[in-house]
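What follows is a short report on a single structure.
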Amino acid sequence: MPFKVANAARDAGRPVYLIGIEGAADADIANWPHDWFSWGEVGRLFKLLKAAHCRDVVFVGHVHRPSFRELRLDLGAILELPRLLAFLIGGDDKILSGVIRYFEDKGIQVHGAHEIAPALILGAGAVGRHKPGRKVRGDIALGFRAAATLGAFDIGQGVVVENGLVLAVEAAEGTDRMLARVAELRKGRARGAGVFVKRAKPGQELRIDMPTIGERTVERVAEAGLAGIAVQAGHTIAADREALAEAADRAGIFVVGMIPEDA
């Protein structure tokens, strides 16, 4: 997905410069004007941005929350340590909102990936051949309500519901591990029942943490024996819609974008 955003920016006439986090970013950023930095090298990061005359940034891709042992603090980080610690403790939304404020206080505008590459956004309707049947629509509606309630506490974006029962909620472990738990829980039960629902948290900072699904999400949902995936239309990113549809068709599950209130 970072390269889709980079290509979209370049196609719009924007000069593009990529900065990769060591151990997280794809090595193919070397095909672009680029540099690398490590967790904790805050001073180096802003020196790189200044040298490249960057006034706008987009955060793209998946990272894990680093432990303090992984941080390699430079002088810039040490000087800013009290402020950095203040927003590095808390839920994901608190942390990411703090990151945005930190950049913007330094005169750098933060944009969402969806603002630069709007084609990544999933709209309303089915992706692929399969559509949710009447039987799972109640589960979808319950899933959207449950996810909104959990999101208000900055817990997670996703839930799994089957026959009116919430089987699992996404917390700090992330989507993949939650779906692995569901697969274990549903061993021996009929396949093709239940739904994974994902939506943005109320008031979520979408510029840096918009819900995202992809082929791997489809694979995990299929392994759990669920009927499909329902996401919030207009508030969910798919890095490759065509590949997502092909994966859903192969797995025999539905992927659908819906307005929660309509669900």
Label-to-label distance, nm, for residues given as Phe3 and Val166 (7 Å Cα→Cβ offset):
4.0
Calculated SAXS-style log₁₀ I(q)/I(0) at q = 0.14 Å⁻¹ - the chain, Debye, Cα scatterers:
-1.00
Along principal axes, largest first, the alpha-carbon spread of the range 1-136 in whole Å comes out as 57, 37, 27
Folded to 0 to 90 degrees: helix 241-251 orientation relative to the chain principal axis, Cα
40
Between Ala27 and Lys50, the two model label points (7 Å from Cα along the beta-carbon direction) sit apart by a distance in nm of 3.3
Computed FRET value (nearest 0.05) for Glu219 with Lys187, which takes r as the C-beta separation and R₀ as 25 Å:
0.90
Global geometry of the range 25-67, whether rounded, prolate or oblate, following the gyration tensor of its Cα atoms and the 1.5 cut on a/c
oblate
Can you give the angle from 0 to 90° between the axis of helix 134-151 and the longest principal axis of the chain, with both taken from C-alpha atoms, to the nearest 10?
30
Take the alpha carbon atoms of the range 93-151, find their center, do the same for the range 183-199, and report the distance between the two centers in whole angstrom.
22
Among Ala126, Ala239, Ala172, whose mean-square fluctuation peaks in a Gaussian network model of the chain (Cα, cutoff 10 Å)?
Ala172
How do the peptides 157-165, 21-29 rank, highest first, by the average count of neighbouring beta carbon atoms within 10 Å per residue?
157-165, 21-29
Nearest 10, in degrees from 0 to 90: the angle of helix 92-105 to the longest Cα principal axis of the chain is 30
Under 5 Å, built H, 5+ apart or other chain: amide partners of Leu18:
His34, Asp35
Between Glu219, Glu173, Glu115, where does the largest GNM mean-square fluctuation fall for the chain, given springs only between Cα atoms within less than 10 Å?
Glu173
How much of the DSSP bridge set in the chain is antiparallel, in percent, rounded to the nearest 5?
40
Run the numbers for His64 and Glu104: contour at 0.36 nm per residue of separation, minus the present Cα-Cα distance, in nm.
12.1 nm
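Rule-based calculations on the coordinates, nothing more; no lab input. Small disclaimer: the values here were computed from a predicted structure and weren't measured. All Cβ positions, glycine included, derive from the backbone under ideal geometry; neighbour counts span all protein chains shown.
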